[in-house]
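Worksheet for the structure shown next.
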Amino acid sequence: MIDKAKVLDAVRAALASEPRVDPHNHPIAMDFEDGTLTLEGEVASVAAKKLALEAAVTVPQVTGIIDRLRVTPAQPMGDGQIRELVRDALLQEPAFEECTIRETAKGETITLRESPVDGRGCIEVEVADGVVTLNGEVPGLDNKRLAGVLAWWVPGSRDVINGLAVEPPEEDSFDLIAEGVRLALEKDPFVDAGQLRVGVRGTVVTLAGLLPSEAQRDMAECDAWYVFGVDKVVNRIEVHRS
């Protein structure tokens, strides 16, 4: 019989071993039943959230996780404002110009733009308690990843649940993850993506190259963390001040 208290102690130790999770200043509530661990709380960043999940699954008795971790928003916003900013970002993004865009608020779904072309996808946006949920379907994993990054870029977002299906189905790969990270970096107007290199092994992304400031270095790393399918980012970008 599995000792619940011992499992939770092991999870706490795993979380405490990861400095960016920082459970002392960002307490995480947890429960464990039938192999499933529930994590709930507010962490400082997307990196902390993903690292907490990665640390928790290293405990052998944990076979599943219910993720209720939220990220402290860069700027507090109401759900309506977050939804408007996400939908506007999707409407203005050239990659989605032939995609149907819808939003759901108070149980009512409104079509903001209807796709003029069959098979270009449909993205539905809903926001509750700062959590952005994306549903629908898109024609490629690059589209799914880009939509998720755009939602994370809204400063009030506390989490992004990317439920977009890919039709026709596309098998993921290291190359596609790298492509998604490069796309996020290229779309970020505050990062000189031309100076960066992206490597992927499994779900671990390594960034290398030169940037002119620590701020750009940090933004590039955040962009990589935002990408769906990335569980860890190794930042080897050097800062070169001219």
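Values quoted throughout were computed directly from the atomic coordinates according to the rules given, and no laboratory measurement underlies them. Predicted model, so just to flag it, every value in this text is computed and none were measured. Positions of Cβ are generated from backbone atoms using ideal geometry, with glycine treated the same way; all protein chains shown enter the neighbour counts.
Semi-axes of the chain's equivalent ellipsoid from the Cα gyration tensor, sqrt of 5 times each eigenvalue, largest first, rounded to whole Å? Walk me through the intermediate numbers first.
Values: eigenvalues 175, 115, 61 Å².
Here the semi-axes work out to 30, 24, 18 Å.
Highest GNM mean-square fluctuation, the chain, Cα pairs closer than 10 Å: which of GLY156, GLY194, GLY107?
GLY107
Search the structure for amide H atoms under 5 Å from the amide H of VAL43, placed 1.01 Å from N in the peptide plane, and list their residues when 5 or more places away or on another chain.
ARG70, VAL71, THR72
Find me the longest stretch of the chain that has none of the exposed GluC sites (Glu not before Pro), where exposed means in a DSSP loop (not H, G, I, E or B) with at most 11 other Cβ atoms within 10 Å. Spell out each step's value before the answer.
Values: sites that count: GLU114, GLU171.
Excluding the exposed sites themselves, the longest stretch runs over 1-113.
Could you give the longest part of the chain that holds none of the trypsin sites (Lys or Arg not before Pro) found in DSSP loops with at most 12 neighbouring Cβ atoms within 10 Å? Walk me through the intermediate numbers first.
Numbers: sites that count: LYS106, ARG241.
Result for the longest clean stretch: 107-240.
Can you give the Kirkwood hydrodynamic radius for region 163-242, in Å, rounded to one decimal and based on Cα pairs?
12.9 Å
Among the listed pairs LYS4/LYS232; LYS106/LYS232; LYS6/LYS144, give every one whose C-alpha distance is greater than 30 Å. All intermediate terms of the calculation are to be shown ahead of the outcome.
Values: LYS4/LYS232 28 Å; LYS106/LYS232 36 Å; LYS6/LYS144 39 Å.
From LYS4/LYS232; LYS106/LYS232; LYS6/LYS144, over 30 Å: LYS106/LYS232; LYS6/LYS144.
Local charge sum around GLY107 (other residues, Cβ-Cβ under 14 Å, Lys/Arg +1, Asp/Glu -1)?
Numbers: positive: ARG83, ARG102, LYS106; negative: ASP79, GLU103, GLU108, GLU124, GLU126.
In short, -2.
How large is the dipole of region 174-239 about the Cα centre if only Lys and Arg carry +1 and Asp and Glu carry -1, each at its Cβ, rounded to the nearest 20 debye?
The dipole of region 174-239 has a size of about 200 debye.
Testing the spin-label approximation: label points 7 Å from Cα along Cα→Cβ at ARG68 and ARG197. State their distance in nm.
For the pair ARG68/ARG197, the computed spacing is 4.5 nm.
What does the charge count around PRO139 come to, taking other residues whose C-beta lies under 12 Å from its C-beta (Lys +1, Arg +1, Asp -1, Glu -1)?
Once positives and negatives cancel, what remains is -4.
Cβ under 13 Å from THR38's Cβ, THR38 left aside: what net charge do those residues give with Lys, Arg +1 and Asp, Glu -1?
That sum, taken over residues with Cβ under 13 Å, equals -3.
Quick one: dipole size for region 86-242, taken about the Cα centre, charges +1 on Lys/Arg Cβ and -1 on Asp/Glu Cβ, in debye to the nearest 20.
Charge dipole, region 86-242, about its Cα centre: 500 debye, nearest 20.
Near the amide H of ILE161, under 5 Å away, which other amide H atoms are found, from residues 5 or more places off or on another chain, if H is placed in the peptide plane?
Hits under the 5 Å cutoff: VAL132, THR133, LEU134.
Would you kindly give the portion of the calculated P(r) for region 68-126 that falls above 15 Å, as a percent of all Cα pairs?
Taking all Cα-Cα pairs of region 68-126, the fraction more than 15 Å apart is 54 percent.
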